[in-house]
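Take a look at the structure below.
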Amino acid sequence: MAELAYIRVSTVEQNTERQLSGCGITFDKVYEDKASGGSTKRPELAKLMDYAREGDTVHVHSIDRLARSLDDLRKLVTDWNNKGITIRFHKEGLNFTADDNTPIAELMLNMLGAVAQFERAIIRERQTEGISKAKDKGRYKGRKPDYERNIKIRGLRQDGLSIRKIASELNCNPSTVQRSLKLKN
């Protein structure tokens, strides 16, 4: 029975120190992602999902650190519970275990998951508005290409790796690999 920690922030510039730091638990393993919670396609989350076993407890600072989509959140919790894995959200004080979840805990999961999803939608809306205004003023040119990664992608493709293998190797989405391979330079 392992005590597993999952920590997530959205960008590499953000600090993870505040998450689970004062909970007084010595974790057997810590999984830390610096990626958006809008998708479950995160390398450390995938490792955690693969590693966790019946009897383990997954500790997460708060619901929005695990997922920003209500569907993703419910699927992760349900899948882990079905495998006999307990999920503990420290900030909310909620625990989810197989066949032992109270109706109020389920309600709180759904409500707080919906709030996290709403927050993400608002953030994206503000981002889109900001980009639009910056474009109107001629200040926004889009994301600059990552030339170094594009060179690595081409090299790995020439070595015969599949698009999915390249994406996994470089910790990016397969669509990023496909776009890079279509570039002329």
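The values are calculated or read from the model by the stated rules, or taken from the named source; none is laboratory data. Keep in mind it's a predicted model, so treat the numbers as computed, not measured. Neighbour counts are summed over all protein chains in view; Cβ atoms, including those assigned to glycine, are modelled from backbone coordinates with ideal geometry. Side chains are part of the model used for accessible areas, which takes the heavy atoms of the whole protein and leaves out ligands, DNA and RNA. Shrake-Rupley method; radii C 1.70, N 1.55, O 1.52, S 1.80 Å.
Based on the Stokes-Einstein relation at 25 °C and a viscosity of 0.890 mPa s, and on the Kirkwood radius from alpha carbon pairs, the chain is assigned a translational diffusion coefficient of 132 µm²/s.
A full extension of the chain between THR78 and GLU17 corresponds to an added length of 19.2 nm, given 0.36 nm per residue minus the alpha carbon distance.
In this structure, the residue pairs whose Cα-Cα separation is over 32 Å, taken from LYS29/LYS141; LYS75/LYS152; LYS47/LYS141; LYS34/LYS144; LYS83/LYS182, are LYS29/LYS141; LYS75/LYS152; LYS47/LYS141; LYS83/LYS182. Note on ARG157/THR97: beta-carbon distance plugged into 1/(1 + (r/R0)^6) with R0 of 45 Å gives a FRET efficiency of 0.50.
When both bridge partners sit in the chain, DSSP labels roughly 20% of those beta bridges antiparallel. Per residue, region 67-185 exposes 72 Å² of accessible surface when a 1.4 Å probe is rolled over the protein heavy atoms with every protein chain present. With all protein chains in place and a 1.4 Å probe, the accessible surface of the chain carries 48 percent carbon and sulfur.
Taking a straight Cα-Cα cut-off under 20 Å and skipping sequence neighbours fewer than 8 places away in the same chain, the aspartates and glutamates within cross-link reach of LYS135 are GLU125.
Toward the positive end of the charge dipole of region 1-138, with +1 on the Cβ of Lys and Arg and -1 on the Cβ of Asp and Glu, the farthest Cα among GLY55, SER39, VAL77 is that of SER39.
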